Amino acid sequence: MPAPPTDSFHRKIDYLRVSITDRCNLRCSYCMPASGFAKLDHTEILRYEEIVRLVRIAVSMGISKVRITGGEPLVRKDVLSLCRSISRVPGLRSLSLTTNGVLLSDFALGLLDAGIGRINVSLDTLKPERFAKITGKDLFSRVWAGIMAAEEAGISPVKLNAVIMCGVNDDEIEDLARLTFRFPFHVRFIEFMPFRFEFDYESVFIPASEIMERLRRVAPLESLIAGQSNGPALHYRFQGAPGQIGIISPVSDHFCPSCNRLRLTSDGKLRTCLFSSDEIDLRGPMRQGASNEEIAAAMLAAINKKPEKHQLSSPVFRKCISRPMFSIGG
Ligand code: SAM
């Protein structure tokens, strides 16, 4: 395996998140515009063979971890065949998937069989009515059944991601965390990021420090050393709990110095920073006959321009986000 490429700030880039669709079967108020959005035309979305080709090229350059995301990846037709093809790319060490869990009951065993070792499920609330309010769909029990199906299928760890928003679900921080006493889940609390401008961001945002303070009141927390592939989360465990707690603080803490990520959007744009609107088009050159070497060179050029850090705290930044999370791929 080649060593992972490094960017101009000496960061090793070994992780690619691949968004395979801009469609989603939920309408989370903080993620999708209430006014709806223009869906990509099918011809704009990368075909499976194009995605697999780009993953192969990335892996040949030293990328070793891939996460499939969206939109909602499980709504794309024949997603298991894509997972299987990607999992067979020689040199790939880890293949994972992020889902809202709505279809997970049907897919859990198939995903495991298709090479998905780890799953992240977005779950912002344990209250069915609130779930319906946040997501626009009364599907809490289906998501919960999906989480259980993933656990029973032996997908490990199952990570639950909760975006914490003041006045929306912050009163559930403790209950979400207490799940780790009952299940071996990794419950991860994520700071709300300013993707949607119609939100009064300042009044909804809760910093990770406040989340931590609340968690410490639940039970004694011990800090865990992050494993190599654990990304930007800080890891904790309540004493005696089988599960873990993760804290992801993209807004209040820069994890940019250790950022190892690239993102491929469903329409074939490569992004080197979630919070920068810079992206390079890989679909166009690929469809015009570019060779693998030319595409690899374009990827390397993008990696070389990966920004040193995001500007999340800067007011200027808020004006420059061109795509919401469902469109980039969370
Ligand atoms: N459909 C899949 C899902 O629900 O997990 C994958 C795509 S979704 C865009 C990925 C993640 O982005 C979800 O966990 C969602 O909560 C998160 N997300 C969306 N908008 C966000 C925001 N403004 N701040 C923080 N996280 C956000």
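The values are calculated or read from the model by the stated rules, or taken from the named source; none is laboratory data. Just so we're clear, the structure is a prediction, and the values are computed from it rather than from any experiment. In this analysis, Cβ positions are derived from the backbone assuming ideal geometry, glycine residues included, and neighbour counts consider all displayed protein chains. These accessible areas exclude ligands, DNA and RNA; they are computed on the full protein's heavy atoms, side chains included. Shrake-Rupley method; radii C 1.70, N 1.55, O 1.52, S 1.80 Å.
Figures for the structure shown
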{"read-out": "Hits in the stretch 180-216 - residues which are assigned to a strand (DSSP E or B) and within 11 Å of the ligand (Cβ to nearest atom)", "value": "Arg188, Phe189, Ile190, Glu191, Phe205"}
{"read-out": "Within the stretch 149-173, considering residues that are open to solvent by 40 Å² or more (accessible area, probe 1.4 Å) and part of a helix (DSSP H, G or I), the one farthest from the ligand (Cβ to nearest atom)", "value": "Glu152"}
{"read-out": "Residue under evaluation Arg93, criteria (1) over 21 Å from Ala241 (Cβ atoms); (2) open to solvent by 60 Å² or more (accessible area, probe 1.4 Å); (3) over 20 Å from the mean Cα position of the chain (by Cα), criterion not met", "value": "(3)"}
{"read-out": "Condition check for Leu74: among the aliphatic types (A, V, I, L, M), modelled with pLDDT of 95 or more, assigned to a helix (DSSP H, G or I) and under 19 Å from Thr265 (Cβ atoms)", "value": "yes"}
{"read-out": "Residues of the stretch 31-70 that turn out to be within 18 Å of Arg118 (Cα to Cα), within 16 Å of the ligand (Cβ to nearest atom) and part of a loop (DSSP other than H, G, I, E, B), as a count", "value": "1"}
{"read-out": "Hey, Glu213 over 22 Å from Ile68 (Cα atoms) and modelled with pLDDT of 90 or more or not", "value": "yes"}
{"read-out": "Of residues in the stretch 32-55 being over 19 Å from Arg76 (Cα atoms) and touching a residue at least 60 places away in the same chain (Cβ under 8 Å), the one least open to solvent (accessible area, probe 1.4 Å)", "value": "Pro33"}
{"read-out": "Residue list for the stretch 75-85, filter: open to solvent by less than 10 Å² (accessible area, probe 1.4 Å) and either farther than 13 Å from Thr98 by Cβ or within 14 Å of the chain's Cα centre (by Cα) (or both)", "value": "Leu82"}
{"read-out": "Test: residue in the stretch 194-206 that is among the aromatic types (Phe, Trp, Tyr), touching a helix residue (DSSP H, G or I) at 6+ places or on another chain (Cβ under 9 Å), open to solvent by 50 Å² or more (accessible area, probe 1.4 Å) and at pLDDT below 95", "value": "yes"}
{"read-out": "Selected residue (only one of Leu126, Leu139, Leu112 is open to solvent by 40 Å² or more (accessible area, probe 1.4 Å), aliphatic (A, V, I, L, M) and farther than 20 Å from Asp170 by Cα)", "value": "Leu112"}
